[in-house]
Amino acid sequence: MGNLCACLATQPVKKKPIKRLPNPPPQSNTSNRWTRIRSSRKEKLDDALLQEQALAAAILFQQHQQNGSLPFDRSASLRYPNSSSKKSSNALPRSSSSRARSLTDPLLQPHQLVNQDVKLDDLETNHFVLVHGGGFGAWCWYKTIALLEEVGFKVTAIDLTGSGIHSSDANSVTSLSQYVKPLTDFLENLPEGNKVILVGHDFGGACISYAMELFPHKVSKAIFIAAAMLKNGQSTLEMFSQQATSDDLMRQAQIFLYANGNNQPPTAIDLDKSMLKDLLFNQSPAKDVALASVSMRPIPFAPVLEKLSLSDLKYGSVRRFYIETSEDNAIPITVQESMTKESPPEQVLRLKGADHSPFFSKPQALHKLLVEISKISST
């Protein structure tokens with residue numbers, strides 16, 4: 001966000017005596033400047049800490065994957081803890097991106113921050129459960145987690161089977177229920193009477209839909225972010241086929257894996273690393289593209305083929321919200337609009353200038369929408 005400078009030009013006064021007034025008290029420009037410098041340094045340190053935690057998790061996974069084992073069980077969910085340094089509840093959340101902010105993603109001013117007046121006790125639930133998209137992992141939410149936790153929300157980020165640092169091989173996943181098991185296990189173990197806000201990105205939209213059908217009484221709201229929001233009897237593959245053309249970026253980037261032999265159906269889909277930026281991160285900071293390039297894993301193929309069984313009584317009873325991403329090259333805005341027209345949610349919101357990964361490209365704006373949706377009361 002560019003700075004606006006006000007230039008004051010003094011006009012010469014002729015033929016009139018000048019009455020000199022006492023000089024006004026000097027303003028503490030130096031103090032303000034050093035305050036801004038200290039704030040900037042602190043923000044960079046916070047950014048570096050978040051980035052190091054995410055990169056460390058990715059490197060740790062790769063090291064143990066090469067060794068053929070993982071020293072810990074990640075069969076359920078991964079939750080990123082709070083930073084060890086406690087921050088004041090009045091501190092303003094900041095984007096973890098160190099890039100120059102564009103006009104479409106300005107730094108939010110204090111009077112614009114919705115979380116200034118968030119009263120968590122008045123919400124139906126203050127617990128967000130974040131579900132990543134195909135190839136991603138819980139690591140992709142690190143900015144969103146930090147921003148939400150900073151204002152008091154409870155956040156759980158799930159690693160689906162064969163994703164993130166989950167110990168399973170994506171090629172071994174043969175059904176949607178197996179793929180979504182870490183999420184359904186989490187919801188099954190959630191105490192009765194407790195509810196969460198499910199957030200699904202990309203293929204994670206189909207995953208939260210599956211969970212909504214099983215546990216509608218445990219889901220307060222469902223938020224789809226550039227996600228597959230399907231109808232009953234529809235598969236994610238069918239949704240993606242709506243955009244398939246010969247020059248489609250997604251089709252060009254796909255690499256099918258055949259763990260059971262080339263004469264058998266594909267077991268997983270990988271993405272060409274050289275095309276990740278253009279496909280998924282065309283508006284995202286370079287450091288997040290680098291993080292994704294060493295963290296993304298193949299997408300299990302069988303769950304993408306599976307048709308969802310969704311009922312009005314269960315799935316249809318959960319309040320749905322859709323967040324569109326206007327600069328999306330993976331699920332173009334036309335496909336997103338088609339899904340919201342065919343299965344209208346309660347509200348459709350749009351992130352201008354966001355690519356397919358708004359948790360990287362528009363973290364502050366995404367945070368604001370998530371908080372706003374959490375505050376919408378039932379009528």
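The values are calculated or read from the model by the stated rules, or taken from the named source; none is laboratory data. Nothing here was measured: the structure is a model prediction, and the numbers come from that model. With ideal geometry, Cβ positions are generated from the backbone for all residues, glycine too; neighbour counts draw on all protein chains shown. Surface areas here come from the heavy atoms of the whole protein model, side chains and all, with no ligands, DNA or RNA. Shrake-Rupley method; radii C 1.70, N 1.55, O 1.52, S 1.80 Å.
Key figures for this structure:
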| quantity | calculated |
| --- | --- |
| Residues (part of a loop (DSSP other than H, G, I, E, B) and among the aromatic types (Phe, Trp, Tyr)) located in segment 123-176 | PHE136, PHE153 |
| Residues of segment 164-205 satisfying the condition of being under 22 Å from the mean Cα position of the chain (by Cα), more than 24 Å from LEU370 (Cα to Cα) and of a type in the set (Ser, Thr, Tyr) | TYR179 |
| Qualifying residues in segment 342-352 (those that are under 13 Å from ILE323 (Cβ atoms) and either open to solvent by less than 40 Å² (accessible area, probe 1.4 Å) or free of Cβ contacts under 8 Å to residues at least 24 places away in the same chain (or both)) - the one farthest from the chain's Cα centre (by Cα) | PRO345 |
| Among (1) in contact (Cβ under 8 Å) with a residue 40 or more places away in the chain; (2) open to solvent by 70 Å² or more (accessible area, probe 1.4 Å), the one test that ILE255 misses | (1) |
| Residues (open to solvent by less than 10 Å² (accessible area, probe 1.4 Å) and of a type in the set (Ser, Thr, Tyr)) located in segment 203-219 | SER209 |
| Every pair of residues 6+ apart whose Cβ atoms lie under 8 Å, when the first sits in segment 197-212 and is in a strand (DSSP E or B) while the second is at pLDDT below 95 | ILE197/THR125 |
| Check on LEU230, within 21 Å of PRO344 (Cβ to Cβ) and either touching a residue at least 60 places away in the same chain (Cβ under 8 Å) or open to solvent by 10 Å² or more (accessible area, probe 1.4 Å) (or both) | yes |
| Count of residues meeting criterion [in contact with a helix residue (DSSP H, G or I) (Cβ under 9 Å, 6 or more places away or on another chain), closer than 21 Å to ILE376 by Cβ and not aliphatic (A, V, I, L, M)] in segment 320-344 | 5 |
| Selection within segment 179-202 - under 19 Å from GLU306 (Cα atoms) and open to solvent by less than 10 Å² (accessible area, probe 1.4 Å) | TYR179, VAL180, PRO182, LEU183, GLY200, HIS201 |
| Cβ pairs under 9 Å, 6+ apart, first in segment 291-304 and closer than 15 Å to MET275 by Cα and in contact (Cβ under 8 Å) with a residue 12 or more places away in the chain, second acidic (Asp, Glu) and part of a loop (DSSP other than H, G, I, E, B) | PRO298/ASP169 |
| Boolean, THR267 is among the β-branched types (Val, Ile, Thr) and either at pLDDT below 95 or open to solvent by 60 Å² or more (accessible area, probe 1.4 Å) (or both) | no |
| Pair list, Cβ < 6 Å and 6+ apart or interchain, from segment 136-159 residues that are farther than 30 Å from ALA268 by Cβ and touching a residue at least 60 places away in the same chain (Cβ under 8 Å) to residues that are part of a helix (DSSP H, G or I) and of a type in the set (A, V, I, L, M, F, W, C) | ALA146/LEU50; GLY152/LEU120 |
